[in-house]
1. If packing is taken as the mean number of other Cβ atoms within 10 Å per residue, what is the order of 152-164, 251-263, highest first?
2. Leaving ligands and nucleic acids out of the surface, order Met243, Met193, Met283 by accessible area at 1.4 Å, largest first.
3. How large are Rg and Dmax for segment 74-197 when only the alpha carbon atoms are used, in Å?
4. Express the C-alpha Rg of segment 273-313 as a ratio against the empirical globular expectation 2.2 N^0.38 Å, rounded to two decimals.
5. For segment 1-146, just run the numbers: alpha carbon Rg, then divide by 2.2 N^0.38 Å, N being how many residues it has.
6. Along the Cα→Cβ direction, 7 angstrom out, place labels at His165 and Asn32. What is the inter-label distance in nm?
7. Let's see if you can work this out: charge +1 on each Lys and Arg Cβ, -1 on each Asp and Glu Cβ, no other charges. What is the dipole magnitude of the chain about its Cα centre, in debye to the nearest 20?
8. What is the Rg over Rh value, at two decimals, for segment 230-276, using alpha-carbon atoms and the Kirkwood definition of Rh?
Amino acid sequence: MAADYKGWKSFASFYSAEHCQSYLKNNYKKINLENPEQKSYENCYAFLYYLEHGQIYYQQAESAPLILKPILLFYGLVHLIKACILTVDPAYPETTSVLAHGVSTRKRKKQNYQFFQDEVKFQKNGLFPFMSEKMFHMKQLEGDKITMEELLELIPELDDLFMVHESKSTFTPIYTQSGQLVVPEKILDHYHMTEDRLKEYLTTKSGNQIEFLGEGLIFQYSKTPFTGISPIKFHLESSSYVMPIKKENLFLYPELLVHYLLLYNLSMIARYETEWWSELTKMMPNRDYPFIKTFLDITLKKGPFLIYEYLMN
């Protein structure tokens, strides 16, 4: 799937209402919805326009100055996510409660504010808990918080930057051997597990998308059916699979949710923390700048990729 991805060109087939209706009808049939023909007919243009508007936001973000990028990228991603939701919930949006962001952030930043320590808090209603449940069958707990550092550590393409600034690695590459994938043995030490325990753990946590082949840590990885919830992540820049080095609560988190939360907070900062945001982009005082700038470059490409992956699976 990843090898077939050609950026926005990959979305070209969706810019046909006829194709969108057929695509939605197939999806609605798979989940046994009543009247798939009628519902796909009613939703095909909304689906198409969500994708089209999302693409326009991303294309504008590419050429926009850095201070505007988070706002454009966040709303671009929101439009693409709404298209994904329509594939599993033809009634969306059924109530106004699902239209809020679904997360909140501290409005006034403290003195000596540091982006890494900033956090977002999950809300009961809104797009974030709604997309989590509809797209990934995950329940988010109202009031739970997550820091920007925890989120940044879940982006595979930031691994090099963590090594430079923090002298730590956040991901380990998964090797290819005779067409199969191999988990490096050092993961056993990081996860404090025996080989058999690791195999059982990864098979279970990936929803049986990982199948180990006899002795050793050689496995096959199938993304069908696609869940988005897996310890195996895709590194877009190197076109390779990787695994988080830290085994913690968040390491199964769908990457699309991570991009949403980071962009939400950055878009709020860009809109409401004018002084801090301007100083960061002009003075580049600390590690916040390289991480934010690099993440924005990554999400410009990775956001649409994660959406395409969801739609095609």
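1. Working: 152-164: 19.2, 251-263: 22.8.
Output ranking for 152-164, 251-263: 251-263, 152-164.
2. Numbers: Met243 0, Met193 30, Met283 140 Å².
The most accessible residue leads, giving Met283, Met193, Met243.
3. Rg and Dmax of segment 74-197, Cα atoms, are 19.0, 55 Å.
4. Numbers: Rg = 14.5 Å, N = 41, 2.2 N^0.38 = 9.0 Å.
Working it through for segment 273-313, the quotient is 1.61.
5. Numbers: Rg = 17.6 Å, N = 146, 2.2 N^0.38 = 14.6 Å.
Segment 1-146 yields a ratio of 1.20.
6. Label-label distance for His165 and Asn32, simple model: 4.9 nm.
7. Computed about the Cα centre, the dipole is about 620 debye.
8. Working: Rg = 14.3 Å, Rh = 12.7 Å.
My calculation of the ratio gives 1.13.
The values are calculated or read from the model by the stated rules, or taken from the named source; none is laboratory data. Just so you know, these numbers come straight off a predicted model, no measurement behind them. Heads up, the Cβs are rebuilt from the backbone with ideal geometry, glycines too, and the neighbour counts pull from every protein chain shown. For accessibility, only protein heavy atoms count, side chains too; no ligands or nucleic acids. Shrake-Rupley method; radii C 1.70, N 1.55, O 1.52, S 1.80 Å.
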